[in-house]
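Student: Pasting in a structure now, in structure tokens, and then I'll have a few things to ask.
The values are calculated or read from the model by the stated rules, or taken from the named source; none is laboratory data. These numbers were taken from a predicted model, which means no experiment stands behind them. Glycine also receives a Cβ, built like all others from the backbone with ideal geometry; neighbour counts cover every protein chain displayed. These accessible areas exclude ligands, DNA and RNA; they are computed on the full protein's heavy atoms, side chains included. Shrake-Rupley method; radii C 1.70, N 1.55, O 1.52, S 1.80 Å.
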Amino acid sequence: MYDFRIEAADKAAMYRDLAAALEGLVAGEPDPVANMANAAALIWETLPDINWAGFYRNIEGELVLGPFQGRPACIRIAFGQGVCGAAAASLEVQRVDDVHDFPGHIACDAASVSELVVPIVGAGGKLVAVLDLDSPSRARFDADDEAGCIALAEALAKVL
Ligand code: SME
């Protein structure tokens, strides 16, 4: 049984604890679906004020829904389409305060307002997946969330 309770004093410490817990969870496990599933669950349990946390995988140049927590979501997203597709096409983090202002945003859940999408890049610079977090609050994700989630993506890149 895993029972992670991360109650850190500040956000940077919280993300350090989260990364350490994630590295423990995925250590020695080569199956990418299992690792994404536990990562989505750990993030969902730890981060406040989110309504979706999960992965889209790069399957032959298309984003395909992977393990997640939250409401059922769009299954396939083209590179360049919406926030996830922009992250996949550019390999750059997308931190969006209000998705309604983002051209081509895909509304999987009408409750989502802000979004953070972090590319997970494997050896050789190839996109493996994107980590997607949604929140019902405007501007939920700040620079600390971005840095923390980049660290999570780097840890995951080794095991996906
Ligand atoms: N809103 C996303 C689609 C994925 S869902 O939020 C889970 C986007 O525009 O990429």
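Student: 7 Å from Cα along Cα→Cβ at both R71 and K126: what's the point-to-point distance in nm?
Tutor: Label at R71, label at K126, 3.5 nm between them.
Student: Counting only protein heavy atoms and using a 1.4 Å probe, what share of the accessible area of the chain belongs to carbon plus sulfur, as a whole percent? Display every interim value, and only then the final one.
Tutor: Details: 3980 of 7740 Å².
So the carbon and sulfur contribution to the accessible surface is 51 percent.
Student: Helix by helix through the chain, keep the DSSP H runs that span 18 Å or more along the axis on Cα and average at least 0.5 on Kyte-Doolittle, and give those back in order.
Tutor: Helices passing the filter in the chain: 11-26, 32-46, 143-157.
Student: How far apart, in nm, are two points set 7 Å out from the Cα along the Cα-to-Cβ line at A78 and at E29?
Tutor: Distance between the two pseudo-spin positions: 3.5 nm.
Student: Now a separate question. Over what distance in Å are the Cα centres of the stretch 102-146 and the stretch 1-63 separated?
Tutor: 14 Å
Student: Taking the Cβ-Cβ separation of D101 and R16 as r and a Förster radius of 35 Å, what is the calculated FRET efficiency to the nearest 0.05?
Tutor: Working: r = 32 Å, r/R0 = 0.91.
It comes to 0.65.
Student: Counting pairs of alpha carbon atoms under 8 Å apart in space and at least six apart in sequence, what relative contact order in percent does the stretch 36-160 give? List each step's numbers first, then the result.
Tutor: Details: 269 pairs, mean separation 29.8, N = 125.
Relative contact order comes out at 24 percent.
Student: Pull out the extension gain between A111 and D49, defined as 0.36 nm times the separation in residues minus the alpha carbon to alpha carbon distance; nm, one decimal. Walk me through the numbers on the way to the answer.
Tutor: On the way: separation 62, 0.36 × 62 = 22.32 nm, distance 1.17 nm.
Computed gain between A111 and D49 is 21.1 nm.
Student: What trypsin sites (Lys or Arg not before Pro) does the stretch 77-160 have in DSSP loop regions with at most 10 other beta carbons within 10 Å? Don't jump to the answer; show the numbers that get you there.
Tutor: Details: sites: R95, K126, R138, R140, K158; in loops: K126, R138, R140, K158.
Qualifying residues, ordered by number: K126.
Student: Please list log₁₀ I(q)/I(0) at q = 0.10, 0.20, 0.21 Å⁻¹ for the stretch 35-124, using the Debye equation with identical point scatterers on the alpha-carbon positions.
Tutor: Result of the Debye calculation: -0.23, -1.01, -1.12.
Student: May I pose another question? Please give the length that would be gained between D144 and A157 if that part of the chain were fully extended, namely 0.36 nm times their separation in residues minus their C-alpha to C-alpha distance (nm, one decimal). Walk me through the numbers on the way to the answer.
Tutor: Details: separation 13, 0.36 × 13 = 4.68 nm, distance 1.98 nm.
Here the answer is 2.7 nm.
Student: Continuing with the same structure: For every other residue with a beta carbon closer than 14 angstrom to the beta carbon of A157, add +1 if it is Lys or Arg and -1 if Asp or Glu, then tell me the sum.
Tutor: Working: positive: R57, K126, K158; negative: E23, E154.
Residues near A157 contribute +1 overall.
Student: Follow-up question, since we're still on this one. Where does the chain land on Rg/Rh, using Cα atoms and the Kirkwood Rh? Please report the intermediate quantities before stating the final value.
Tutor: On the way: Rg = 14.4 Å, Rh = 15.5 Å.
Rounded to two decimals, Rg over Rh is 0.93.
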